[in-house]
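Have a look at the structure below before the remarks.
The values are calculated or read from the model by the stated rules, or taken from the named source; none is laboratory data. Owing to the predicted nature of the structure, the values given are computational and were not obtained by experimental measurement. FYI the Cβ positions are ideal-geometry reconstructions off the backbone, even for glycines, and counts take in every protein chain you see. Side chains are part of the model used for accessible areas, which takes the heavy atoms of the whole protein and leaves out ligands, DNA and RNA. Shrake-Rupley method; radii C 1.70, N 1.55, O 1.52, S 1.80 Å.
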Amino acid sequence: RAVDWHHVPATRLQRGTAASDEIDAHLTAAIAAARYPIHELRARRLATALALAEADYPAAAEHARRAIDAAERQLGRERAPQRIAEASALLLQAQLAAFEPLRRAGDAQGAAAVVAAARATLPEHPDVIAFAAQLALAERAEALRSEAAAGGAARLPDDDAQAMAIDAQLEAARTTHPEHAGLWLAQAEWDRARGRVLAALRAFRRVQQHDPWHIDGWLGAARLLRENG
């Protein structure tokens, strides 16, 4: 029954033939009817995407957390090596998919926790590298705001040691994932934080090129241009 409830909104989302309230009702029914964690996981992932599209970030974050819970329960059920590997991959996907909704909902600790968990499984994954870079910058940005309020510098120095180390990590990751929008976004934001306007703008344009629907690629470029007149 849960599979049926999930299939209807998934198909209609692809076709664009249903209102969000109708899709949400089907997903709620799919979650309630789920007999196995994998069925709840699939419904939660769709519900997360729908909530993100509607900018309902608290709901998206909650669905993302529940998706991770379901993935963990599914992994706990498996005994055969191949099934364990498949369930582990689903858990990793759920963790990576949770970063954005948690961050947008203001749950910095939750976002950091899912990145740490994903890094423990697959540290070289481009999403893990990109998300870790964004988290590191968010921590520095908070400190910069405090310093600026006290009359200090509002930007990182061009030769900031942490920034240069992250530059190297991002560049290395882009050698194997040159079209990964998240890696380019992290690079753009670190360049922007150091006042590297042209470099940041080029990186934002790479985000737009590789993922035209990535809203931060457009908003980041707009903020950069506004800041620089």
Name the pairs: first residue in the range 149-174 and modelled with pLDDT of 90 or more and in a loop (DSSP other than H, G, I, E, B), second residue of a type outside the set (Val, Ile, Thr) and open to solvent by 70 Å² or more (accessible area, probe 1.4 Å), Cβ to Cβ under 8 Å, at least 6 apart or on different chains?
-> Asp158/Arg196
Is it true that Glu189 is at pLDDT 95 or above and not in a helix (DSSP H, G or I)?
-> no
Six or more apart or on different chains, Cβ under 8 Å: which pairs go from a residue in the range 195-214 that's closer than 14 Å to Gly182 by Cβ and open to solvent by less than 30 Å² (accessible area, probe 1.4 Å) to one that's polar (S, T, N, Q) and not in a loop (DSSP other than H, G, I, E, B)? Could you list them?
-> Ala203/Gln187
Of all residues in the range 165-194, which are under 18 Å from the mean Cα position of the chain (by Cα), closer than 17 Å to Ala222 by Cβ and open to solvent by less than 20 Å² (accessible area, probe 1.4 Å)?
-> Ala181, Leu185, Ala188
Yes or no: Arg42 among the basic types (Lys, Arg), on the phi < 0 side of the Ramachandran plot and under 22 Å from the mean Cα position of the chain (by Cα)?
-> yes
Can we say Arg79 is outside any helix (DSSP H, G or I), of a type outside the set (Phe, Trp, Tyr), out of contact with any Leu (no Cβ under 6 Å at 6 or more places or on another chain) and modelled with pLDDT of 95 or more?
-> yes
Restricting attention to the range 83-113, which residues are open to solvent by less than 60 Å² (accessible area, probe 1.4 Å), part of a helix (DSSP H, G or I) and not small (Gly, Ala, Ser)?
-> Leu90, Leu91, Leu92, Gln95, Leu96, Phe99, Glu100, Pro101, Leu102
Close pairs (6 angstrom Cβ cut-off, 6 or more residues apart or separate chains): over 16 Å from Ile23 (Cβ atoms) and touching a residue at least 40 places away in the same chain (Cβ under 8 Å) in the range 33-44, assigned to a helix (DSSP H, G or I) and open to solvent by less than 40 Å² (accessible area, probe 1.4 Å) anywhere | Pro37/Ala70; Pro37/Gln74; Ile38/Gln74; Leu41/Ala67; Leu41/Ala70; Leu41/Ala71
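Residues to consider are Ala116, Ala130; find the one that is open to solvent by 30 Å² or more (accessible area, probe 1.4 Å), at pLDDT 95 or above and within 14 Å of the chain's Cα centre (by Cα).
Testing whether each residue is open to solvent by 30 Å² or more (accessible area, probe 1.4 Å), at pLDDT 95 or above and within 14 Å of the chain's Cα centre (by Cα) leaves just Ala116.
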